[in-house]
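This report refers to the structure that appears directly beneath it.
FYI, it's all coordinate maths here, none of it is from the lab. It should be emphasised that the depicted structure is a prediction, and the values quoted were computed from it without experimental measurement. Reconstructed Cβ throughout: ideal geometry from the backbone, glycine too, with neighbour counts over all protein chains shown.
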Amino acid sequence: MPLEVTAPSLGAQAAPTPKQDLGSKDVFLKMLVAQMQNQDPLNPADSTQMSSQLAQFNMVEQQIDTNKFLQQLVGSQGGAGANLDMASAGYLGHTVMINQSEIQYSGTSTSFSISLDNNAEAVFVTISDSNGSPVRTLSLAATPSGELPLTWDGRDADGIKVDSGIYNINVQAVDVTGQPVRATPQRSGTVDAVRNTTNGIELIVNGVATSLNNITEVRL
């Protein structure tokens, strides 16, 4: 008679014993309380030892909180914040140079610069408000190639101070033959925040948002 082999029923298998996480602060605290309850009254636990155990308990609790934070961070990177990585956050607090035409005017003189690819015979810098209306044009004489630092005192063509806000810089430059020279507005500032947008990672530099692609230099 052939031997019949019957597979064990899955329902008949003993359920696995749940494992307790020894790193759990609840388990650690229960162990500590049990130790205190079962100590010899004639030979109580050493206070130094007890202090050490309490310090360990505090470290375990901090580690648990840290792990939770890291899990939340990893979770956010897996979703909409996938591009908001630690490398981007490393810009916080640093001074950066960026290619950008927008500047923030806050009631005091504002500094920016112009990067010229070649020598220019004449340079015209037009500052416009958020509506695109020109408020001031600076005319500069012959200027060598490289970085040209400039300062705007916040006054319009009539010498009247403008309102605080974001202004746009447009530069036109020509050489001795009248041919255009590439001129790029630049500004520097401290990175105040890093945020994720539908267009990618943005840095907030002196209150004005800019793309990571515009960063040309990072300073301490």
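Within the stretch 158-220, which strands (runs of 3 or more DSSP E) (wholly inside it) include 2 or more residues that are under 21 Å from GLY107 (Cβ atoms)?
Result: 165-174, 183-197, 200-205, 208-211.
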Over the stretch 125-135, the set of residues in a strand (DSSP E or B) and either touching a Ser or Thr at 6+ places or on another chain (Cβ under 6 Å) or among the charged types (D, E, K, R) (or both) is THR126, PRO134
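I'd like the residue in the stretch 141-157 that is among the aliphatic types (A, V, I, L, M) and not in a loop (DSSP other than H, G, I, E, B) and, out of all such residues, is nearest to GLU217 (Cα to Cα).
Residues of the stretch 141-157 that are among the aliphatic types (A, V, I, L, M), as a first pass: 141-142, 148, 150, 157.
This time we only want the ones that are not in a loop (DSSP other than H, G, I, E, B), so: 148, 150.
Working: LEU148: 16, LEU150: 18 Å.
Across the stretch 141-157, the extreme among qualifying residues is LEU148.
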